[in-house]
Amino acid sequence: MDEGRPCKLMAGSISGSVYQRGDIVIGGLFPVHVKAPEPETEFQDIRVNAMCSLFNQRAYRWLRTMIFAVEEINSNPHLLPNLTLGYLAADTCLAESTTLSTSMAMVTGLQVSRAGDGCKSAPAVPVIIGDVRSSSSMVIADTLGVFDIPMVSYLASCVCLSNSLKYPRFFRTMPSDALQAQAMAQLLQLLGWTWVGLVSADDDYGRFAIQILTEELRGTGVCVAYHQVVPRGYAKEKMKEMVETIKKSSAKVVVTFIIDQDAKALLEEVVHQNITDKQWLANDAWVTYATLSVTQNIPSLAGTLGLALRKADIPNLGSFLTQIHPTTFPLDPDPFKQELWEALFGCSLSFPFGQHTSEKPCSGSEEIAVGESTYADVSQLRATYKVYQAVYAIANAMQDILACSPGRGPLINGQCPDIRKLHPSEVDTFCILDETCTFIVFNLTFTLPLKGQYHILVNFTTPLGEQLYFDENGDPPASYDILNWHVTPQGKVEFVNVGHFVSSQGSGGQFHIDMDRVLWGGGQGHTVPVSICSTPCPAGTRKAVQKGRPECCFDCVQCPGGEISNETGTAEKQCTQCCFDHVTFLMTLSKCPERFWSNSDHTVCLPQQVDFLSHNDIMGIILSVISVAGATLTAATFTTFFYYRHTPLVRANNSEVSFMLLLSLKLCFLCALAFIGRPVAWSCALRHTLFGISFVLCISCLLSRTVVVLVAFRSTLPGENLMRYFGPAQQRLGISICTLVQLMAGPISGSVYQRGDIVIGGLFPVHVKAPEPETEFQDIRRAYRWLRTMIFAVEEINSNPHLLPNLTLGYLAADTCLAESTTLSTSMAMVTGLQVSRAGDGCKSAPAVPVIIGDARSSSSMILADTLGVFDIPMVSYMASCVCLSNSLKYPRFFRTMLSDALEAQAMAQLLQLLGWTWVGLVSADDDFGRFAMQILMEQLRGTGVCVAYHQVVPKVKKGLEMGVLTSPEAVAKSTFCGKCMVIFCSSLIDIFSLSF
């Protein structure tokens, strides 16, 4: 380069930087300004002298702290004694694009020096401290990780950065947000705040933090009223709309995960809209941000509670920060000092490169005092201490490299690396060890052949006496102070420590807060604010979740009759049934000998008052007299008819039917006596049985006599002999059939009943053979499992606050004995309400069910669908698969969760073709299921080349298989086709068991 030729800037950073040469130069990224210049979108020329704006005193303090730590290490004779550290700290302007370009300039050496070295470039840095934001840290870690360049962040806390596989070169002295979110969740539960609002930043930090917090709150009873995101650029209309949502919400607590600049923009609008009734729960990024604790913000933010990094007191840092004077600016390599001075004192320096145009010039006699500005405030050194720790972590890693013993190094012949000649490509990152696992931070990976890995342990004690180490993800242990914003008598904000949260490896964190010292927000003083969506339900009521809203929002519904809740805040569907043991008076699930019922408030179970018709009541006396009189008159008529039974008059009146009619009438009169008096078990059973049978018998006799009279009057033409079809034998048969239907209406086998607002019926073949004299039941455990599964599903639905929140399901599951007749009678008993309860309800009948689950067999399902469809009663089958049931015109009320056999037969046919089985035998059940399935299969096999050797049907009466070729095992064994391939369509295990050849 010619001597007289000026140096031309070819590449450089957008904003300024501070450089100090050394044996090893450490890079640093700090948002000294918080607004980057607008990007060049037309790409027609290079923008010259594009500067960032909005000076950030807090971030500049972090930069100066890095310089302080480097100088402190260089003056320490015990740490890196033969090595001098340098630094290259640059401004990122709080933008990802600027941060990435600045970091790339650092590691490539294209960052132009500001130290008066002319055209010399700053050396490439082997490690970078930064960045402040999680999003930009992810960008840098992704980019620099390709070149094996490690970075140590001092404020990026996103849990996403804990992925050691994705970011193996990333470390941080800032704890992960996972622990902060865990502490936030514990604090919300501790204070009983179940209805909260969330505000997050529009970046990875905010998104991941809210995601972790939401996961921590799942199942704790804490609900989110809203989630607002602070927009990038802080558009005025969007900020106004977001704050209006916060203002209108009934949630009194607002939880935030935002950075300081987001908080500043948000709270300016909060103060503008005069929101003073909220309790703010701040994250560590802004809870100690002094810019927010100004007088105009006090009404809205007084009582703010938040988590902050553990405070530290760094000796001599305050005096170092204040050692700035304008007289040194012309020769000082730090371009930010002049801007700091003008910002602190509101004046303009007279240097040609001054940036401000204030009319008031700086006198030069101004002095920076400790604690009088955000920059010089060393009372809350939290993020600042993390910068300090990051520098010492790098220095201690280098100290371990220097401790390499010749002959035991990682290079050829055990040589040790020369740390003064480190290059970014020679820096690698490993993992750390504590007692069982070693954490390694930097490992030299030279291009020369290595004999082994060079482990460098980072586990040291800072000059402040605090131990620092990293876990397997590069994260340090967490230690938070719980700060509370108090207002002093002078009207200033004071950050008061009211608790702490400390975590260590393998622990969930230790939480402590002194409630007596907390001053709460929203003007509550020392009273803990209440932030709930709905007030707890009083005793005697239960929660009913409001549709479409979180579970914290509910209505209080009075417990149903016979159920109580004696505690405030009874959960959804958790009213207790009044079922008590009469001796111990303790709640039990067994059948209760005595009746209890809830009081009017549904808070206490009292002995149930039994109301019955007494023999001493007027109505009881009248009913008894009428009953006895009617029975007496009927008996007298019966006696008279019996006495004259041989006379033509009695014989002409069909004496047999007349006697049955008189007997049934007498029983009907006497049935009324069973309903009088205190009910007991035998009388309850007698009432329904005796009245039903006698009444049906009476109606059957009247019907028979009426039909005979009608036929007699219609038989007027000569030669007609219709009466031969309505003789005494036919009349007896008709009466017997009608009465038999009533007898079958009762349950043949057992049932299980649980009352509810709506009772669902269920049909299950718990037994596979209907009762016969001296015939034992054969239990099928699979069917009983189905029954228990239905009960499980009903109870699960009742415990679900979001499904049927204001309704309790009951069930009535009965045994069908795998017989069509039993299935039909049981289902008719269910839908008519004549099925006697098995739940100890005394004389109460089970309610008529509006829907039935079942049956297991296709044949019985067809009968039920035909019968119940007349009454518009739907049924849902769980096993009936016959394709015949897919006829929606014939069975409009039939549904099923079982697939149709048409698909199964199609799959069977394709399988036979695939395997080349062209000679097969078929076995089917003797019912609609088997017949229709075989019909479909035969249609599928037509034209495929598969032939049927035989088709056998399993008979319904299993008294041995008399099925042609399958008559004996010998015939099966000798057959040319049997045993090779047999396709079976049977509807139950019993059919399969019958094939015991």
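The values are calculated or read from the model by the stated rules, or taken from the named source; none is laboratory data. Everything numeric here is computed off the predicted structure, so don't read it as measured data. Cβ sites come from the backbone with ideal geometry, for glycine too, and all protein chains shown count toward neighbours. The protein model used for the area step is the full one, side chains on, heavy atoms only, and it has no ligands, DNA or RNA in it. Shrake-Rupley method; radii C 1.70, N 1.55, O 1.52, S 1.80 Å.
Annotation for residue 240 and residue 702: the two label points, set 7 Å from Cα along the Cα-Cβ direction, are 8.1 nm apart. Counting every alpha-carbon pair across segment 306-405, the share separated by more than 19 Å comes to 57%.
May I ask you to derive the FRET efficiency for residue 913 and residue 740 from their Cβ-Cβ distance with R0 = 56 Å, giving the value to the nearest 0.05? Here the calculated transfer efficiency is 0.65.
Semi-axes of the equivalent ellipsoid for segment 183-305, computed as √(5λ) from the eigenvalues of its C-alpha gyration tensor and ordered from largest down, come to 21, 16, 14 Å. Report, to the nearest whole %, how much of the accessible area of segment 606-707 belongs to carbon and sulfur atoms, 1.4 Å probe, protein only. C and S atoms contribute 74 percent here. Full extension of the segment from residue 604 to residue 53, taken as 0.36 nm per residue of separation minus the current Cα-Cα distance, would add 191.3 nm.
If R0 equals 41 Å, the separation of the Cβ atoms of residue 887 and residue 949 corresponds to a calculated FRET efficiency of about 0.80.
Residues 272, 227 ordered from highest to lowest accessible area at a 1.4 Å probe: 272, 227. Taking packing as the residue-averaged number of other Cβ atoms within 10 angstrom, the listed peptides 921-927, 26-32, 620-626, 825-831 run from highest to lowest as 26-32, 825-831, 921-927, 620-626. Can you figure out the FRET efficiency of residue 903 with residue 214, using R₀ = 35 Å and their beta-carbon distance, to the nearest 0.05? E between residue 903 and residue 214, to the nearest 0.05, is 0.25. Starting from a Cα-only point model with no solvent, please compute log10 I(q)/I(0) by Debye for segment 133-250 at q = 0.13, 0.15, 0.19 1/Å. For the requested q values the scattering log ratios are -0.61, -0.77, -1.02. Once a ≥ b ≥ c are taken as the square roots of the eigenvalues of the Cα gyration tensor of segment 188-249, is the result rounded (a/c under 1.5), prolate (a/b larger than b/c) or oblate (a/b not larger than b/c)? Oblate, since a/c reaches 1.5 and b/c is not below a/b.
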